[in-house]
Amino acid sequence: MPTATTSAAPLVPVLQGFAWHVSPSTRFGEVFNPSTGQVIARVPLCAAEETAAVVEAAAAALPAWSETPAVERARIMFRYRDLVAAHFDELAALVTREHGKTLPESRAEVQRGMEMIEYACGVPSLLMGDTLPNIAASVDAETVRHPVGVCVGITPYNFPFMVPLWMFPVAIVCGNTFVLKPSEKVPLSSVRLGELLVEAGLPSGVFNIVHGDKTCVDVLLTHPKVAAISFVGSTAIAKYIYETGTKNGKRVQAAGGAKNHLIIMPDADLDQSVKALSASAYGCAGQRCMAGSVAVAVGNVADPLVGGLCDHAGNFRVGPTDGVDNVDMGPVIRREHLERVAGYLDIATSEGARVALDGRRDFAGDGFLLGPSVLDQVEPSMRVAREEIFGPVLSVIRVNDLESALEVGRKCPYGNGASIFTSSGYAAREFKRHFNAGMIGVNVGVPAPMAWFPFTGWNQSFFGDLHIQGTESVHFYTRQKMTLTRWFASAEESHHDPVWKTK
Ligand code: NAD
């Protein structure tokens, strides 16, 4: 919650053009180290005027940047990629410090983010248009891609490093300028990303960072000089961003929350499935939009599956992660979030489910720690089966056959990811074709695409047309221009035979 804090923690700066400055804001949020519960920084919640000034800085840089040759824009990204690689461990440690995920998880996040920069380095090829000579008599057709203008990115807390990189490298190499509004819970990774981008040689104003909450976001959604908005966060806010942004004439891509299903068939390799399900449900303490949240156990696999999950996850080393490399699961983002997630265990019990593994324990220290939980005998109508918990809780629904598992998916309002565990090609194929979600895994716990493929959430998990990542992101950050050309021959030229006729 925003506070007018007097804490001595350092203040996170704003990047407007090349100038990092101390915000004049009188409202602040607090950035915690979730491993210790300590406040490590204060983040300004920028007022409307300050936010508008940052947009103006991005707009002022647009004419020169959009005329900079694509190859030169790409060269800056090559340098940026090398700088990120050179600072790899430092960046991973920072992600762990402000988010709480384990160091191996942070390293994986930095790696995934770096791949987005690598993808953006290929922009000269990605921007090429189409041509068709002689589409009609003496008429040639061609399309080219133009930047859209000032682009905005509004990002969530759960991937402080990777999700901003889902957006600005591609937007920038396409010739746009950018304003990033990172999550006020984890702004430090974004600031470091900005510092390295300046070091890579990006001209002033092409990339800017503003901090804040709804007041700041509302300016970005309505400012006449903003052309496009990329959002990643919860479904309620994604819908608000999409509706407000489009009503104000912006193009918007807004990725929302999720409730991801993991289907386990009786013929699945049980050991592998238990490990994959645990990694999917409890990785990053369950705070991933692609985390497995509901295990759908088909037929007689349910008892051994629940037993295997409790044994495996029950042995997880849960603890602080900052500077520590030997824990399996770290804290969640905030004390309030911990209480909200733990509250779902009581909700589940009151609705008739059974807590097979209870993550609520007394941990030493003030970190926001909660162990992994397994809920058994969950019904699709229960709140734990319908609502996004976003913590280390896996619900198990028992069904008789694959068709019933597909039916569970059809009733889910979200549609981000789903996976099946099976040794049957037929079951895998049925699942792939008919499950109601946009990203599908076969014997894969987290079917999250890498930079080259789009992040294709469906239903309430995505609002818009063009997704983040892959060529869809290039299309989102550009608009096409089509040109038809006809040249008339002069009297002298009209006697000239086409080359092929004279051979
Ligand atoms: P959130 O929706 O609370 O916040 C996301 C962003 O929106 C932040 O920058 C925040 O400052 C801003 N915001 C919050 N309230 C706002 C309001 N009322 N008006 C305007 N802006 C507002 O999300 P979070 O808690 O930071 O992140 C977790 C959520 O993100 C989960 O629901 C998760 O599933 C989702 N997520 C989705 C994807 C995906 O690709 N679909 C990826 C990562 C996370």
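Every number in this text was worked out from the coordinates using simple rules, so none of it is lab data. It should be emphasised that the depicted structure is a prediction, and the values quoted were computed from it without experimental measurement. Positions of Cβ are generated from backbone atoms using ideal geometry, with glycine treated the same way; all protein chains shown enter the neighbour counts.
Miscellaneous remarks
- Evaluated with a Cβ-only charge set (Lys, Arg +1; Asp, Glu -1), the chain carries a dipole of roughly 680 debye about its Cα centre, given to the nearest 20.
- Proximal charge balance of ASP376 [Cβ under 15 Å; K/R count +1, D/E count -1]: -3
- Mean projected area (nm²) of the alpha-carbon convex hull when region 287-357 is viewed from all directions: 6.2
- Fully extended contour minus Cα-Cα distance, from ASP82 to GLU403, at 0.36 nm per residue: 110.7 nm
- Of the beta bridges in region 87-198, as assigned by DSSP with both residues counted there, near 40 percent are antiparallel.
- Each residue of region 47-179 gets 139 Å³ once the volume of the Cα convex hull is shared out per residue.
- For region 1-142, size of Cβ-based charge dipole, Lys and Arg +1, Asp and Glu -1, in debye: 520
- The lysines within cross-link reach of LYS214, meaning a Cα-to-Cα straight distance under 30 Å and a gap of 8 or more places when in the same chain, are LYS101, LYS181, LYS185, LYS225, LYS239, LYS247, LYS250, LYS259.
- Computed over all pairs of different Cα atoms, the Kirkwood value for the hydrodynamic radius of region 324-467 is 17.1 Å.
- Placing a label point 7 Å from the Cα of SER424 along the Cα-to-Cβ direction, the residues of region 388-409 with a backbone N closer than 13 Å are 400-406.
- Backbone HN-Hα couplings from phi across region 299-313 [Karplus 6.51/-1.76/1.60, Hz, Gly and Pro as x]: x, 7, 7, 4, 4, x, 5, 4, x, x, 5, 5, 4, 5, 6
- Among TYR477, SER395, CYS412 the positive-end extreme of the charge dipole of the chain (Cβ point charges): TYR477
- As a calculated quantity, the FRET efficiency between LEU132 and PHE363 at R0 = 41 Å, using C-beta atoms, amounts to about 0.05.
- About its Cα centre, the dipole of region 243-295 is roughly 520 debye, where the only charges are +1 on Lys and Arg Cβ and -1 on Asp and Glu Cβ.
- Positive minus negative residues near SER66 (Lys, Arg vs Asp, Glu; Cβ under 15 Å): +3
- Within-9-Å neighbourhood charge of CYS121 [Cβ basis; K, R +1; D, E -1]: +1
- Think of region 199-336 as a dipole: +1 on every Lys or Arg Cβ, -1 on every Asp or Glu Cβ, centred on the Cα centre; then among HIS312, VAL274, GLY249, GLY249 lies furthest on the positive end.
- When peptides 255-262, 355-362, 455-462 are ranked by their average number of other Cβ atoms within 10 Å per residue, the highest-first order is 255-262, 455-462, 355-362.
- Karplus 3J(HN,Hα) series, Hz, for region 358-364 with 6.51 cos²θ - 1.76 cosθ + 1.60 (x for Gly, Pro): 10, x, 7, 9, 8, 9, 6
- Computed lengthening from GLU492 to GLN272, 0.36 nm per intervening residue step minus Cα-Cα distance: 71.5 nm
- Averaging 1/r across all pairs of distinct Cα atoms in the chain and inverting the result yields a Kirkwood radius of 24.1 Å.
- Label zone at GLU142 (point 7 Å along Cα-to-Cβ), backbone N below 17 Å, region 44-86: 69-71
- Scanning residues 5 or more positions from GLN38 or on other chains, those with amide H under 5 Å from its amide H are ASN33, with H placed 1.01 Å from N in the peptide plane.
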